[in-house]
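I have placed the structure first, in the form of structure tokens, so that the comments after it can refer back to it.
The values are calculated or read from the model by the stated rules, or taken from the named source; none is laboratory data. For clarity, every value in this text was computed on a predicted model and none was experimentally measured. Cβ coordinates were reconstructed from backbone atoms using ideal geometry, including for glycine residues, and neighbour counts include every protein chain displayed. Remember, those area values only see protein heavy atoms, side chains included, never the ligands or the DNA or RNA. Shrake-Rupley method; radii C 1.70, N 1.55, O 1.52, S 1.80 Å.
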Amino acid sequence: MREKNNKTVYFVAYGAVIAAIYTVLTLVFAPISFGPVQFRIAEALCILPFFTPAAVPGVFIGCLLSNLLCGAAPLDIVFGSLATLIGAAGSYGLRGNKWLVCLPPIAANTAIIPWVLRFAYGSPDLIPVAMVTVGIGEILAIGVLGNILLLALERYKNILFGRCAGNAAAR
């Protein structure tokens, strides 16, 4: 019973730390984290489900808090955060292949965020154009920065993520 409680505590703690890091990164880089052409550096954390399932709620809550604290439109708060949740859950589902982990968040954000930009902010860009601009930002943030982060953390995965219940790093 005690070990189950410890795993729960570690899961919540890891998720909270990831949410806090996501929020801080978004706030620090707020000028480039929002808008039709955005480069949200915090999205690189969407590769963390490769190491721990606690990253799925962690990046979702971090995105939700970031959108709330930066004054995003209600549709952005809901659907932008859901796009991150879908992407993180997809990353966890593909955790068996480290090179595929970045694809679900790129795809989810590229498909959802242009609609948010159009309906929440009245962006005049055509949806396909917005998909290209958002997609480029996601490829840079997750595909490039995220994979660099993944490679850097892989060396220390047992130290950093070894205690989190059900993590992929303990394999």
Using square roots of five times the C-alpha gyration tensor eigenvalues, list the equivalent-ellipsoid semi-axes of the chain in whole Å, biggest first. 28, 17, 13
I'd like the FRET efficiency for Leu68 and Val37, computed as 1/(1 + (r/R0)^6) with the beta carbon distance as r and R0 of 22 Å, rounded to 0.05. 0.50
Sort 145-156, 38-49 by the packing proxy (mean of other Cβ within 10 Å over each peptide's residues), most packed first. 38-49, 145-156
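Pull out the extension gain between Glu3 and Tyr156, defined as 0.36 nm times the separation in residues minus the alpha carbon to alpha carbon distance; nm, one decimal. It would help to have the intermediate numbers written out before the result.
Working: separation 153, 0.36 × 153 = 55.08 nm, distance 2.32 nm.
Taking Glu3 through Tyr156 to full extension adds about 52.8 nm, to one decimal.
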The chain, relative contact order [Cα under 8 Å, separation at least 6], %: 29 percent
Mind checking the angle between helix 81-93 and the chain's longest principal axis? C-alpha axes, 0 to 90 degrees, to the nearest 10. 40 degrees
Nearest 10 degrees, 0 to 90: what angle lies between the long axis of helix 127-138 and the longest principal axis of the chain (Cα atoms)? 40 degrees
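With all protein chains present, how much of the accessible area of region 4-159 (probe radius 1.4 Å) comes from carbon and sulfur, to the nearest whole percent? Provide the component values of the computation, followed by the final result.
Numbers: 5640 of 7270 Å².
Of the solvent-accessible surface of region 4-159, carbon and sulfur hold 78 percent.
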Taking the Kirkwood radius as the inverse of the mean 1/r across Cα pairs, report the Rg/Rh of region 70-171. 1.06
If you line up the long axis of helix 55-69 against the longest principal axis of the chain, both from Cα atoms, how many degrees apart are they, to the nearest 10? 40 degrees
